[in-house]
Amino acid sequence: MRILSGIKPTGQLTLGNYIGALRNFKTFQDKGECFIFIADLHALTLPIDPKVLRSNSLDIAAFYLASGLDPKKCTLFLQSEVSAHAEANAILQNYLYMGELSRMTQFKEKSHTMKDSAIGLGLFAYPVLMSADILLYDANIVPVGEDQTQHIELTRDLVNRFNKRYGKVLIMPKAEVGKVGKRIMSLSDPTKKMSKSDVKGDIYLKDDMATVRKKIMSAVTDSGSEIKYDVEHKPGISNLLVIYAALKDIDLQAAEAHFKGYRYGDFKKAVADAVVAELEPFQKRYQEIIRSGKVLDILHAGAKKASVVANATLKRIKHAVGLLDENQ
Ligand code: ATP
Ligand code: LTN
């Protein structure tokens, strides 16, 4: 089995990225061949300072390692360092269409406040490159948070379309979304997704522990006093329950039962304790990894390994569509 996922280095990673994606990756490295990358080409789809992009990319690599990904078991690499991604993108863009791309929620959310003259083609064509990422590795499983499943559905449509025309060339991928924590909400507005481009209401993986506690203690809660999972009537409490359950690896009923009779204040304190217990050692590992100075070497070695797999698939795709290669 092949597993592939990535995170784009657009900003400081949040607890949402951690619970929805990062934390789950390591569970796959013993289940099959695992490819985890930094989607740095995708980060260019909105304006970003080159220095910030470089430092975010290194940070994500260090976070991957700190989360327990082992470069011996799982290939870690930069998307831009494996040129097959850009080449496959150039071919596959002809098999996804304007109508379906313009219906993508992420595109609509990111572009609705922008003028047409400011929206780059890369933002619109984002799912093409993402499909290339996935298909180049013949990935069976793509672990992601809920917001990315629409892009993976589109990749599946592309596979059907392409294979119908050229025979069985591409492997059908499937999104794998965690049971608890697939969509962590903002602490200041629990009806909105916690997202790294939204500054308020986020817990950042680099926040110091006092800040983490403060943010959780001042999270928006709801009227009433019961600790209950009810997204419609109690979005704030439900979000904190999800965070707790995900970090403790328990289901929501067990979390609810645990907090029966708790007051909001004590409940929030317990959630803050759970987040600190997870992030404190994680940050220590991150610091050690950055100090080791080995991150770039790991990424370069990963790109070499990834290129072998990606180039083989690219060759298959090129041959299928009729591009001549060195053997013809
Ligand atoms: P941006 O705000 O720059 O769009 P983002 O925070 O949404 O970024 P991505 O890089 O798009 O983050 O996502 C990285 C991974 O984290 C994806 O698998 C995504 O589904 C997951 N993810 C992002 N935000 C959340 C969230 N709030 N809850 C759960 N998973 C999330
Ligand atoms: N769009 C993803 C990042 C990403 C990705 C991928 C995830 C780019 N290519 C391929 C899974 C598989 C995001 O996190 N926003």
### Query
If we scan region 134-142, do we find a residue that is open to solvent by less than 10 Å² (accessible area, probe 1.4 Å) and away from ligand 2 (no atom under 14 Å from the Cβ)?
no
#### Entry: Unique residue being surrounded by fewer than 17 Cβ atoms within 10 Å (Cβ to Cβ), outside any strand (DSSP E or B) and within 13 Å of ligand 1 (Cβ to nearest atom) when the list is Lys164, Lys179, Lys196, Lys168
Lys179
### Query
Going through region 1-22 one residue at a time, which ones are open to solvent by 20 Å² or more (accessible area, probe 1.4 Å), more than 9 Å from ligand 2 (Cβ to nearest atom) and modelled with pLDDT of 95 or more?
Met1, Arg2
#### Entry: Pro127 in contact with a Leu (Cβ under 9 Å, 6 or more places away or on another chain) and more than 18 Å from Met1 (Cα to Cα)
yes
### Query
Among the candidates Asp222, Asp207, which residue alone is under 22 Å from Ser67 (Cβ atoms), more than 13 Å from ligand 1 (Cβ to nearest atom) and either in a loop (DSSP other than H, G, I, E, B) or out of contact with any His (no Cβ under 7 Å at 6 or more places or on another chain) (or both)?
Asp207
### Query
Within region 83-105, is there a residue that is part of a helix (DSSP H, G or I) and within 14 Å of ligand 1 (Cβ to nearest atom)?
yes
### Message
I'd like to verify a number: residues in region 28-46 that are open to solvent by less than 30 Å² (accessible area, probe 1.4 Å), in contact (Cβ under 8 Å) with a residue 60 or more places away in the chain and part of a loop (DSSP other than H, G, I, E, B), how many?
### Response
3
### Message
Cβ-Cβ distance below 7 Å, separation of 6 or more or different chains: which pairs start in region 308-328 with a residue that is surrounded by 13 or more Cβ atoms within 10 Å (Cβ to Cβ) and end on one that is among the charged types (D, E, K, R)?
### Response
Thr313/Asp138; Leu314/Glu87; Lys315/Asp325; Lys318/Asp325; His319/Asp325
### Task
Exactly one condition in (1) surrounded by 17 or more Cβ atoms within 10 Å (Cβ to Cβ); (2) touching a residue at least 24 places away in the same chain (Cβ under 8 Å) is not met by Ser111; state its number.
(2)
### Query
When Pro190 is evaluated against the numbered criteria (1) at pLDDT 95 or above; (2) open to solvent by less than 30 Å² (accessible area, probe 1.4 Å), which criterion, by number, is the only one it fails?
(1)
#### Entry: Conditions (1) closer than 19 Å to Pro127 by Cβ; (2) at pLDDT below 95; (3) within 13 Å of ligand 2 (Cβ to nearest atom); number of the one not met by Asn89
(2)
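The values are calculated or read from the model by the stated rules, or taken from the named source; none is laboratory data. Every value quoted in this text rests on a predicted model; they were computed, and no experiment measured them. Methodologically, a virtual Cβ is constructed for each residue, glycine included, from the backbone with ideal geometry; neighbour enumeration extends over all protein chains shown. For the accessible areas, the whole protein counts, side chains as well, though only heavy atoms, and no ligand, DNA or RNA atoms are used. Shrake-Rupley method; radii C 1.70, N 1.55, O 1.52, S 1.80 Å.
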